[in-house]
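The values are calculated or read from the model by the stated rules, or taken from the named source; none is laboratory data. What you see is a predicted model, and the numbers here were worked out from it, not measured in a lab. Using ideal geometry, Cβ is built from the backbone for each residue, glycine included, and neighbour counts are taken over all protein chains shown. We work out accessible area using only protein heavy atoms, side chains counted, and drop any ligands, DNA or RNA first. Shrake-Rupley method; radii C 1.70, N 1.55, O 1.52, S 1.80 Å.
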Amino acid sequence: MSHHVVLVQGGGIGTDQAVAAQRVVAALGVAIDWQEVPAGLAAQEKNLPPLPNELFDQVRAAGVALKTKLLHPPGGGDENYNIHFRHDLGLFASVRPIHDFAGLPGRFTGLDFVLVRETTEDLYAAIEHEIVSGVVQSIKVVTEAACKRFFEFTFELAKAQGRKSVHCIHKANILKMADGLFLDCFRRVAAGYPEITPKELIVDNACMQLVSKPQQFDVLCAGNLYGDLLSDLAAGLIGGISATAAVSHGPGVRVYEAIHGGLREWVGEDRANPLPLLTPTMHMLHDFGHVEQAKKLRSAVESVLTAGLVRTYDLGGTAGTRAMTDAIIDEINK
Ligand code: IPM
Ligand code: MG
């Protein structure tokens, strides 16, 4: 059976990374019928709109997308395409597994926890205005309905993965209304899952705990902004951008996202690290039920990293995207 996947191409080094992901999937013998659609900068370079309505229809129809980071033209713009994309598809939870690759230099090894981030509201609602010159407000939006849906999703995920505890990260000691509601919803949903231990941690302490004793975590869940910060902090624990991915969930859709890789300069220069897109690809294969192939990809990446001979520039080597992908494929074929 062939899986239909929309490959959302956002430009920059995503161009080289997408080729690598497609080659690896083919080498693993998984049949994917890719529908490549340019978006963001990749679309604008072809004089197309950055986020056309058809893109959303195509992703909804397929139910699954693999997405590179959507870049912006130099100078940015008024809105962030990645956030607009999440918003239009109703992606409400972004699952960020923190699982190190052997051979990737990191601060810790043997970590295996997951961070779940709410992605529809909070300060990312980006409702901002200037009251008078020199005074601006940015509004933090928290609703009971969104929190309930988010925590139900988080606890279901924890249950499905056989996790023992869920930490809710908040700052309810200061933001008594916004984070207070978030925490209250957490407690109410947690009560329905007696087999999972609910834990609460204030976000600043969560940062300290993560960099000192990350082994204590199983599942962490947080609102949009704290979740963004904590997911990069957690990525830093295990060697950075190469080992991290986001699986964003919405009604009837899952988007496997590379959340890093903003470089425009290296396009076509064969310098991109393929791992920021291969990691979400690995999760996609796993969720399709190709568990053995997902494991094979993980161990092929680990063998290449451990041997240390073929690494891209950002990983301290001199190999190009193509050579590193070839090395991973050679391991798959062994
Ligand atoms: C992430 C990213 C995005 C975010 C950027 C690309 C807008 O950092 O998914 O973590 O801030 O959510
Ligand atoms: Mg981020």
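With the convex hull constructed from alpha-carbon coordinates only, the stretch 100-239 shows a mean projected area of 9.6 nm² over all directions. Among all cysteines in the chain, which have no other cysteine Cβ under 4.7 Å from their own Cβ? Here C168, C207, C221 come out as lacking a disulfide-compatible partner, given the Cβ-Cβ threshold of under 4.7 Å.
One chain, two ends: V291 and R23. Fully extended at 0.36 nm per residue, the span grows by 94.7 nm beyond their Cα-Cα distance.
When a/c reaches 1.5 or more, the comparison of a/b and b/c decides; with that in mind, is the stretch 44-111 rounded, prolate or oblate per its Cα gyration tensor? Because a/c hits 1.5 or more and a/b exceeds b/c, the stretch 44-111 counts as prolate. Which entries of K213/K295; K171/K199; K148/K176 have Cα-Cα distances beyond 24 Å here? Exceeds cut-off: K213/K295. Of the heavy-atom accessible surface of the stretch 89-246 (probe 1.4 angstrom), what whole percent is carbon and sulfur? Carbon plus sulfur share of accessible area: 58 percent. A straight Cα-to-Cα reach below 22 Å connects K46 with the lysines K67, K69, residues fewer than 8 places away in its own chain not being considered.
Sort the stretch 197-256 into rounded, prolate or oblate with this rule: let a ≥ b ≥ c be the square roots of the eigenvalues of the Cα gyration tensor; rounded if a/c is under 1.5, and if a/c is not under 1.5, prolate when a/b is larger than b/c, oblate otherwise.
On the way: a/c = 2.02, a/b = 1.35, b/c = 1.50.
Judged from the Cα gyration tensor, the stretch 197-256 comes out oblate (a/c at least 1.5, b/c at or above a/b).
Report Rg(Cα)/(2.2 N^0.38 Å) for the chain, keeping two decimals. Don't jump to the answer; show the numbers that get you there.
On the way: Rg = 19.9 Å, N = 334, 2.2 N^0.38 = 20.0 Å.
Normalised by 2.2 N^0.38 Å, the Cα Rg of the chain equals 0.99.
Taking amide hydrogens as placed 1.01 Å from N in the peptide plane, the amide H of V114 sits under 5 Å from those of I98, V219, L220, each at least 5 positions away in sequence or on another chain.
Stretching I202 away from R107 to a fully extended chain increases their span by 31.9 nm, per 0.36 nm per residue minus the current alpha-carbon distance.
Out of every Cα-Cα pair in the stretch 172-307, what percent are more than 27 Å apart? Intermediate values should be presented prior to the final figure.
Numbers: 3273 of 9180 pairs.
Of all Cα-Cα pairs in the stretch 172-307, 36 percent lie more than 27 Å apart.
Estimated from helices alone, the mean residue ellipticity of the chain at 222 nm is -12500 deg cm²/dmol (sum of -39500 (n - 2.57) over DSSP H runs with n ≥ 4, per residue). When a/c reaches 1.5 or more, the comparison of a/b and b/c decides; with that in mind, is the stretch 253-334 rounded, prolate or oblate per its Cα gyration tensor? Because a/c hits 1.5 or more and a/b fails to exceed b/c, the stretch 253-334 counts as oblate.
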